[in-house]
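Step one of this worksheet: look at the structure below.
The values are calculated or read from the model by the stated rules, or taken from the named source; none is laboratory data. Here the structure is a predicted model, which means the values were calculated and not measured. Don't worry about glycine lacking a Cβ; one is built from the backbone with ideal geometry, like all the others, and counts go over all protein chains shown. Note: accessible area is taken over every heavy atom of the protein model, side chains too, but ligands, DNA and RNA are not part of it. Shrake-Rupley method; radii C 1.70, N 1.55, O 1.52, S 1.80 Å.
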Amino acid sequence: LLLFSGRRSVFAAMSKKGTFAVIVGLLAVAVAAFLYSTADPLKHDKVTPFLEGIALNIFGRDADFKASMKRLVEERPLQGKQVLLTGGSRGLGRAVTVKLLALGADVLVANNLNETARSDILREAATAMGPIVPPAKIGNLYSKGVDLSNVSSVRAFVAGLDPQQQQPFDVLVLNAGVAPSTSEELTRDGLELAFGINYVGHFVMVQQLREKSLLRDGVRIIVVTSEYHRCADALNIPELDRIVPYDWQTSLDYYARSKLCLATYGQHLQRQLQQAADVFTICPGPVATDIARRSPSWMLPIVDFFMWLSFQTPPRAAEPILFLAGEPALKGKGGLYYHMHSLSAPRSDAADPANGAALWAKTEQILATIDSKQEQKNKKVEQ
């Protein structure tokens with residue numbers, strides 16, 4: 001795979017023995033993925049999603065997808081559309097923001113951006129889709145901070161959007177995510193961090209936007225999950241809010257669990273909203289970002305090198321999300337799951353209506369408990 005990944009210069013600088021060693025090493029990884037694959041019919045091993053994503057990155061962009069991206073640039077269906085995006089200040093989210101602006105969308109980034117960051121993003125937007133885009137055709141960039149680890153902050157974020165000034169959103173991209181390395185860090189509300197930020201915070205945001213009528217009829221909601229949802233154990237829904245200690249060696253299990261929650265939520269949200277929205281769930285594939293920044297310090301150089309060597313860049317990974325946001329032919333086709341640019345299907349339990357309903361009910365129960373605790377704290381302060 002690496003021989004075709006655009007990193008040929010790496011091999012050119014190596015001896016024949018070194019190149020042979022790397023290829024044998026990659027074959028060993030593939031064999032290990034097979035030998036250590038789980039017997040659970042629902043679950044993948046933890047190597048396969050990486051290998052599949054790298055293969056799709058190298059070989060998978062077909063002519064139809066390329067033609068669709070060309071239409072987005074030439075016909076500009078996103079011109080003037082109102083977009084709300086979480087996690088838009090770094091990594092994949094920043095690349096999506098830049099390209100949405102280049103295609104003429106007005107983007108509200110759910111992060112605080114200083115003037116330097118704003119200027120950099122707008123400058124990149126001018127050339128993000130090829131030739132320099134006239135300033136008049138670049139969308140408007142807005143930013144407003146929110147803490148997805150805090151339910152009260154998410155509610156305050158939406159409450160601060162004035163319906164008299166903020167037009168309803170045409171596109172909502174639920175992109176923000178974290179990959180904690182230990183269970184020591186919890187959300188402000190006492191939830192496991194990946195579960196709380198990646199899933200619960202987004203659940204609350206959509207709930208509040210719906211209540212405030214800030215989602216346009218036919219809104220496209222793009223839920224960014226991961227193929228790693230296939231590596232998670234089946235959701236133990238009654239125990240989702242229980243804190244189980246873990247360290248960096250098992251942290252990926254809890255990241256996978258949060259992504260399985262998102263995949264399940266995306267499917268059930270479509271059933272809830274029916275014709276009022278098109279909900280798409282997508283794994284953007286392996287992306288070279290800093291999502292692993294909470295890993296142990298000794299591990300970071302290894303992770304960064306591996307990402308640089310074999311993962312796709314954020315601008316490239318952003319393209320399938322732009323496709324879901326703007327492709328006119330997808331109108332009325334909500335409920336689809338994409339792995340990068342290829343139509344796929346989520347794991348069977350994520351698509352199960354009973355699982356979706358149970359997860360929804362448990363999330364509402366968790367939120368009710370958080371609210372009850374907050375009320376008790378407020379009463380103590382008043383006393």
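Quick check on packing: order 282-289, 78-85, 365-372 by the mean number of other C-beta atoms within 10 Å, highest mean leading. List each step's numbers first, then the result.
Working: 282-289: 24.0, 78-85: 21.9, 365-372: 14.9.
Per-residue mean Cβ counts within 10 Å order the peptides as 282-289, 78-85, 365-372.
In whole Å, what three semi-axes, largest first, describe the equivalent ellipsoid of segment 158-210 built from its Cα gyration tensor (square root of 5 times each eigenvalue)?
27, 12, 8
Quick one: what are the phi-derived ³J(HN,Hα) couplings along segment 70-83, Karplus 6.51/-1.76/1.60 with θ = phi - 60°, whole Hz, x for glycine and proline?
In residue order, the calculated couplings are 5, 5, 4, 6, 7, 8, 6, x, 8, 4, x, 6, 9, 10 Hz.
A 28 angstrom limit on the alpha carbon distance is what I want to check against. Which of LYS331/LYS362; LYS66/LYS137; LYS259/LYS380 exceed it?
In this structure, LYS331/LYS362; LYS259/LYS380 exceed 28 Å between Cα atoms.
Express in % the proportion of alpha carbon pairs of segment 334-383 at distances exceeding 14 Å.
Value for segment 334-383 (Cα pairs over 14 Å): 69 percent.
Over segment 77-164, what percent of the accessible surface lies on carbon and sulfur atoms, probe 1.4 Å?
50
Once amide H atoms are built 1.01 Å from N in the peptide plane, which residues 5 or more positions from SER342, or in another chain, come under 5 Å H to H?
none
DSSP beta bridges in segment 173-289, what fraction antiparallel, as a percent rounded to 5?
Of all bridge pairs located within segment 173-289, approximately 10 percent are antiparallel.
Roughly how many Å is it from the Cα centre of segment 147-176 to that of segment 203-273, as a whole number?
17
Given R₀ = 45 Å, what would the calculated FRET efficiency be for SER342 paired with ARG188, taking r from the Cβ atoms and rounding to 0.05?
Computed FRET efficiency for SER342 and ARG188 comes out at 0.75.
Using a ≥ b ≥ c from the Cα gyration tensor of segment 194-267 (square roots of the eigenvalues), is it rounded, prolate or oblate, where a/c under 1.5 gives rounded and otherwise the larger of a/b and b/c decides, a/b for prolate?
Numbers: a/c = 2.69, a/b = 1.99, b/c = 1.35.
Note, shape of segment 194-267 comes out prolate.
Taking just the alpha-carbon atoms of segment 189-237, what radius of gyration and Dmax come out, in angstrom?
Computed over the Cα atoms of segment 189-237, radius of gyration and Dmax are 13.5, 36 Å.
Under the Karplus relation 6.51 cos²θ - 1.76 cosθ + 1.60, θ = phi - 60°, what is the ordered set of whole-Hz ³J(HN,Hα) values for segment 264-269, x standing for Gly and Pro?
Per-residue couplings from phi come out as 5, 4, x, 5, 6, 4 Hz.
Peptides 231-242, 311-322: what's the order by average Cβ count within 10 Å, highest mean first?
So the peptides 231-242, 311-322, ranked by packing, come out 311-322, 231-242.
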